[in-house]
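Nothing in this text is a laboratory measurement; each read-out follows from the coordinates by a stated rule. On a predicted model such as this, the values are computed, not experimentally measured, just so you know. Here the Cβ positions follow ideal geometry from the backbone for every residue, glycine too, while neighbour counts run over all protein chains shown.
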Amino acid sequence: MADLRSLTAPFVALGPSGVAVRARLKDLAHEDRNVLRLVSAHLGSLASMDLKARCAEGLEHSSASWAARKRDLTGASSSRWAGAVTKASHDQWALARRGQAAHIRSLEAGIRTLRHRLSLPVGVKGTKRAPGGYRSRGEWFH
């Protein structure tokens, strides 16, 4: 036990030093509103174009194709905006894929439940863990 290091007194770590501000932009000049509308329309069109390209890649996505998409967008915006747009497209693609997978799992669970219920004789009661069979032959068709 002599080779263990000694413990120092506990202390409280400092909180975050940065500040994040989330607020609506108020009292903007007419020109500023127009600039924001134009910028948002431009970035929206870039995001739409990139998402279309990302979807076209399908499962064949690679870091090289990501870099190529970013290079294509950099011609119409800054490198920073191009990176943000391609990341957002990638995240949206991944979210959609997870949603599809969850939906498929839900459908498969429903199919398993129906198969189980159809495999049981009519009138068999269910348990806490598994549903029972259909109550009557008429229930099969309604």
Put +1 on the Cβ of every Lys and Arg and -1 on every Asp and Glu Cβ in the chain; which of Ala109, Gly15, Ser78 then has its Cα farthest towards the positive end of the dipole?
Ala109
Computed label-point distance, nm, for sites Thr8 and His103 using a 7 Å Cα→Cβ extension:
5.4
Under a straight-distance cross-link criterion of Cα-Cα below 18 Å, which lysines are reachable from Lys52, leaving out those fewer than 8 residues away in the same chain?
Lys70, Lys87
How much length would be gained if the chain were fully extended between Asp91 and Leu36, taking 0.36 nm per residue of separation minus their Cα-Cα distance, in nm to one decimal?
17.4 nm
Say a site is exposed when it is one of the trypsin sites (Lys or Arg not before Pro), sits in a DSSP loop, and has at most 12 other Cβ atoms within 10 Å; what is then the longest site-free stretch of the chain?
27-124
For Lys125, counting only aspartates and glutamates whose alpha-carbon sits under 17 Å away and dropping same-chain residues fewer than eight positions off, the answer is Glu139
Karplus ³J(HN,Hα) for region 113-118 (6.51 cos²θ - 1.76 cosθ + 1.60, θ = phi - 60°; Hz, whole; x = Gly/Pro) runs 5, 5, 4, 4, 5, 6
